[in-house]
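Below is one structure, written out as structure tokens, with a few remarks after it.
The values are calculated or read from the model by the stated rules, or taken from the named source; none is laboratory data. What you see is a predicted model; the values in this text were computed from it and never measured. Backbone-built Cβ (ideal geometry, glycine too); neighbour counts: all protein chains shown. Accessible surface is based on the protein model in full, side chains and every heavy atom, while ligands, DNA and RNA are left aside. Shrake-Rupley method; radii C 1.70, N 1.55, O 1.52, S 1.80 Å.
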Amino acid sequence: SATVLAGLMFTPVMAADMTVGFSQIGSESGWRAAETTLTKQQAEERGIDLKFADAQQKQENQIKALRSFIAQGVDAILVAPVVATGWDEVLEEAKDADIPVILLDRTVDSSKDLYMTAVTSDLVHEGKVAGEWLAKEVGDKDCNIVELQGTTGSSPAIDRKKGFEEGIAGHANLKIIRSQTGDFTRTKGKEVMESFLKAEDGGKNICALYAHNDDMAVGAIQAIKEAGLKPGTDIKVVSIDAVPDIFLAMENGEANATVELTPNMAGPAFDALAAYKKDGTMPPKWIQTESKLYTQADDPKAVYEEKKGLGY
Ligand code: AHR
């Protein structure tokens, strides 16, 4: 069972006198940078001493950081796991040291006994929402889709792919013709989109782009423009995150839809830790954040203004 939380609105529960280690993946996307900013802000507001480690996209750096947090005897550990596999050993070590571990924004394939809770969205659902939106948008028309996947082996890349396929299932007119990783970055998103365009008659054979995050979509939009096509019109663009820049693209008619992922994963995590510290209350194994669909009809300029400043 999961507790579903709405975006950024909640009152922080104080958890002073706590030292928490946070192993962050890196800063591959605007969303990731906002999550880092908000985690630091939320810690400060609650009087938590946060030890921050940037893993530069490498799991081995995350494992080293976790071991260092364990050696320092922190009260708890937050980790945004870059990939889903390979965590058992270090999670066992944290468990043996009685240090609760909370997963932020991504899941792992380890046993649930090895961590306290996971604060994530329903990553499969996000992909499904994107797929269903596209199926509705396209109607009966034949539509060749290209897909930019997130980091290989990461839970959002696996789950968003699966969800999207579920979302378009039953619509034989919709076909994924190319799918490749863009590693959740703008640069890679642009690069891979350029290769898709080249391979598909300069893009004439492509009807839609599905990107596992907005940053890759923003990079791809640039590639589509440089190929002389109109993103949002010639090629529909649907992605995930709801970072401010995608709303600018929507306002200009260059992106069509995005599914929101709150960058405030740390707030609910710190609340769970505060409750646990107070009287031993265990949180549910999954604290689920909301996934909301935005389209061009949702006043993108206003949403852009609203988002700016909320960690972005
Ligand atoms: O795990 C969440 C994903 O990681 C975000 O969608 C993406 O932008 C980030 O890098």
Anchor K51: aspartates and glutamates whose Cα lies under 19 Å away (excluding residues fewer than 8 positions away in-chain)
D17, E35, E60, D75, E93, D98, D105, D271
Given C-alpha coordinates of the stretch 71-117, what is the ratio Rg to Rh with the Kirkwood estimate of Rh?
0.92
Would you mind telling me the share, in percent, of accessible area of the chain contributed by carbon and sulfur at probe 1.4 angstrom?
48 percent
Which of the residue pairs K136/K236; K204/K230; K141/K204; K58/K161 have a Cα-Cα distance greater than 18 Å in the structure shown?
K58/K161
Setting aside same-chain residues fewer than 8 positions from K112, which lysines have a Cα under 17 Å from its Cα?
K95, K285
Relative contact order (percent) for the stretch 139-243, with alpha-carbon contacts under 8 angstrom and 6 or more residues of separation?
31 percent
Bins of 10 Å from zero: percent of alpha-carbon pairs in the stretch 89-202:
13, 32, 30, 15, 8, 2
Expressed in µm² per second, the diffusion coefficient of the chain from the Stokes-Einstein equation, with Rh the Kirkwood radius over alpha carbon pairs, at 25 °C and 0.890 mPa s, is 124 µm²/s
Kindly provide the trypsin sites (Lys or Arg not before Pro) of the stretch 79-177 that DSSP labels as loop, not H, G, I, E or B, and whose Cβ sees at most 12 other Cβ atoms within 10 Å.
K141
Those aspartates and glutamates that a straight Cα-Cα span of less than 19 Å connects to K198, excepting residues fewer than 8 apart in one chain
E147, E226, D234
Where N is the number of residues in the stretch 12-109, Cα Rg divided by 2.2 N^0.38 Å
1.02
Helix-only CD estimate at 222 nm, as mean residue ellipticity for the chain, using -39500 (n - 2.57) per DSSP H run (n ≥ 4)
-12500 deg cm²/dmol
Highest-MSF residue in the chain out of E226, E251, E166 [GNM, Cα springs under 10 Å]
E226
Could you tell me the relative contact order of the chain? Use alpha-carbon pairs under 8 Å, at least six residues apart, and round to a whole percent.
21 percent
